[in-house]
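Any read-out appearing in this document is the output of simple, stated calculations on the displayed coordinates, not a laboratory observation. Fair warning: this is a prediction, and the values are worked out from it, not measured in the lab.
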Amino acid sequence: MVTIKNKFVLLAAAFWIIGIVLLLIGAWARNHSSDAAGTLLTLGILGQAIGFGFLGFAIMQAVLKKK
C-alpha cells in the first residue's frame, strides 16, 4: 500500500523528471531560435522547484512523525 509520505515522494520525483525534460526541450529550442525557449526553460525550473518542495515536505513529515 502506498502511504501519504510515499505519494509525496512519487509526486516530487514526477515534477523533478518533468522539469528536467522541459529544461532539455527548452535548451534544444534555444539552439534552434524558437520563441518558446524561455517559457520552456522557466517551466522546467519551476517544475524542479516544486519537486524539491514536495520532497522537503515528505522529509519533514517523516521527521516530525518520529517524535
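Taking only Cα atoms, what is the 0 to 90° angle, nearest 10, from helix 4-31's long axis to the longest principal axis of the chain?
Its long axis makes an angle of about 10 degrees.
Could you work out the helix-only [θ] at 222 nm for the chain, with each DSSP H run of four or more residues adding -39,500 (n - 2.57) and the total divided by the number of residues, to the nearest 500 deg cm²/dmol?
So the helix-based figure for the chain works out to -31000 deg cm²/dmol.
Just one of (i) 4, 20, 19, 17, 12, 10, 8, 5, 3, 1, 0; (ii) 3, 15, 23, 20, 20, 11, 5, 2, 0; (iii) 3, 13, 9, 12, 11, 12, 13, 10, 7, 5, 3, 1, 0 is P(r) over Cα pairs in 5 Å bins from 0, in percent as worked out from the coordinates here. Which one is it?
(i)
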